[in-house]
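Let me begin by presenting the structure, written as structure tokens, before commenting on it.
The values are calculated or read from the model by the stated rules, or taken from the named source; none is laboratory data. From a predicted model like this one, the values you see are computed outputs, not experimental measurements. Ideal geometry is used to build each Cβ from the backbone, glycine not excepted, and the neighbour counts take in all protein chains shown. Accessible surface is based on the protein model in full, side chains and every heavy atom, while ligands, DNA and RNA are left aside. Shrake-Rupley method; radii C 1.70, N 1.55, O 1.52, S 1.80 Å.
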Amino acid sequence: MTFLGKLAGGVLRGQGWPRSTPLLRGCLSAAALVASVDGTLSLAKRNRLDQILDELSGAQSFDLHRAVEFFESELGRIRADGRAGRSAALGNLQKTAGDEGAVALVLRVAQAIALADGAASPHAKSAVGDIAAALSAPAPDLSQAAAPQSGAARVIVIGNEKGGTGKSTAAIHIATGLAVQGKAVACLDLDGRQATLSRFLQYRSASGNALSAGLAVPRYRRIEPSAAPERAQGEQEERSLFEAAMTELRACEAIVIDTPGYNSHLARLAHARANVVVTPINDSFIDIDALADIDRERHEVRAPSNYCRMVWQEKEDRALRGGAALDWIVTRNRVGQLDSRNTREMAALLDVLARRMGFHLEPGFSERVVFRELFFRGMTLFDLAEEDVARSGRASLKRAKSEAASFLAAVTAPADHNTKAQRD
Ligand SMILES: Nc1ncnc2c1ncn2[C@@H]1O[C@H](COP(=O)(O)OP(=O)(O)OP(=O)(O)O)[C@@H](O)[C@H]1O
Ligand SMILES: [Mg+2]
């Protein structure tokens with residue numbers, strides 16, 4: 001959860017636990033105060049607190065055990081002392097209000113806990129109001145924004161604002177992989193001008209081979225960017241086309257959306273509706289650079305890229321409004337066969353990034369010519385029968401097929417599995 005990342009970052013940046021105690025305690029008191037008002041502490045609120053503590057425990061200077069103890073004792077005290085306990089906790093919070101950043105963090109924690117059950121109860125709303133008053137700040141918005149809705153379909157968006165990283169290749173494999181499994185899958189091509197995914201599907205349906213082999217062809221829609229001269233009008237047009245396509249496709253089990261390799265309004269609309277975002281990156285430092293500004297010497301993230309910020313923000317907004325969680329998966333594409341020093345350094349840096357940005361890494365594809373061979377036949381590795389692969393005598397084809405299967409399993413795994421992987 002991004003706000004938790006910020007919380008951890010804000011609290012612990014360059015400081016040990018003892019020096020940052022007032023702010024950290026402020027955050028935990030706010031959480032305890034809001035959690036105490038609804039009688040029993042719901043599972044959702046407990047999970048949210050667990051996440052806060054998990055985030056904090058990632059920092060070495062942080063003593064998780066002490067924080068848990070602090071939260072529990074604060075919660076117990078507020079409950080036992082009733083009104084007096086609440087006043088004391090509010091008094092503690094006032095000591096926290098050093099600067100604007102601290103106040104904002106404390107309020108975000110209060111807001112997150114209040115919304116952990118999907119909608120804030122009247123008690124939770126009044127507790128957050130009291131906290132804001134004690135900190136002389138305006139109360140955060142606890143009204144519920146509509147959670148993304150797209151019928152029953154699982155929306156898998158492939159995105160990266162860098163071009164040529166393997167987005168369309170990933171989209172093609174996910175869509176055909178699901179179709180071969182017999183799933184009702186549809187595609188939406190938002191890179192309508194380049195239209196790689198649409199062209200592939202046209203080849204697939206037109207190909208005599210594909211038809212005679214009875215290959216499943218996913219339904220698809222293609223949207224081109226609006227040509228309207230006014231930006232507002234263009235965005236309005238794009239939104240209506242996008243919504244119409246999503247409504248039309250929503251009865252499917254999955255909608256796979258390919259996006260262009262640059263910042264676009266259509267891509268942002270898609271990310272706002274995603275259940276899963278898959279971000280392929282080429283196995284090179286240039287591609288890591290497109291995700292974040294990294295200090296290679298110190299193995300540190302200096303600043304996330306605009307694309308990272310966008311996904312990060314989306315995850316955070318979902319968490320705050322209690323909407324469906326967004327699972328963010330990054331896959332390495334065109335991985336070299338040799339275990340070079342660069343490859344190992346990439347892996348280490350991606351680990352650092354994953355923890356900072358809240359994504360998880362899953363296996364991608366090695367550098368393989370077979371994708372290009374199959375593309376013009378409208379086919380993927382999933383369409384090749386095991387016997388044909390064995391008969392071909394190409395060991396690399398067998399490896400490619402199993403790689404594709406692992407990739408598909410990773411990006412279509414149930415959210416629980418992915419959330420667990422993320423936390424691990
Ligand atoms: N693992 C791979 N091995 C070999 N070639 C690959 C691999 N992945 C992708 N390619 C090739 O790299 C090129 C770019 O891939 P692709 O079109 O999937 O990227 P993209 O991110 O969709 O690009 P764009 O941003 O332009 O839409 C294509 O020619 C594709 O066949
Ligand atoms: Mg593409």
Legend entry - Label point distance in nm, S402-Q236, each placed 7 Å from Cα along Cα→Cβ: 5.6 nm
Inset, instruction - Using amide H atoms built 1.01 Å from N in the peptide plane, name the residues 5+ places from A292, or on other chains, whose amide H lies under 5 Å from its own. - result: S305
Inset, instruction - Specify, per residue and in Å³, the volume enclosed by the convex hull of the alpha carbon atoms belonging to segment 154-423. - result: 135 Å³
Inset, instruction - Would you pull out the residues with amide H under 5 Å of V335's amide H, same chain only if 5 or more places away, H placed 1.01 Å from N? - result: F365, S366, E367
Inset, instruction - Multiply the residue gap between Q94 and S366 by 0.36 nm, knock off their C-alpha separation, and tell me the result in nm, one decimal place. - result: 92.4 nm
Legend entry - Cβ charges +1 (Lys, Arg) and -1 (Asp, Glu), total dipole of segment 154-423, debye: 360 debye
Inset, instruction - Could you tell me which of the pairs K183/K401; K45/K315; K183/K315; K162/K315; K315/K401; K95/K315 are separated by over 22 angstrom between their Cα atoms in the structure shown? - result: K183/K315; K315/K401; K95/K315
Legend entry - Gain upon complete extension [E72, D141; 0.36 nm per residue less C-alpha separation]: 22.2 nm
Inset, instruction - State, to one decimal in nm, how far the label point of A385 lies from the label point of E243, with both points 7 Å from Cα in the Cβ direction. - result: 4.8 nm
Inset, instruction - Set the Förster distance to 60 Å, then compute FRET efficiency between S121 and A206 from the Cβ-Cβ distance, nearest 0.05. - result: 0.60
Inset, instruction - Would you work out what percent of the accessible area of segment 164-247, with all protein chains in place, is carbon or sulfur (probe 1.4 Å)? - result: 49 percent
Legend entry - In range of the label at R394: residues from segment 353-386 whose backbone nitrogen is under 11 Å from the point 7 Å along Cα→Cβ: 368-375, 381
Legend entry - Charge-dipole axis of segment 154-423 as Lys and Arg at +1 and Asp and Glu at -1 on Cβ define it, positive-most pick from L197, S392, T279: S392
Legend entry - Sites S42 and D317 - FRET efficiency at Förster radius 22 Å, r taken between beta-carbons, to 0.05: 0.55
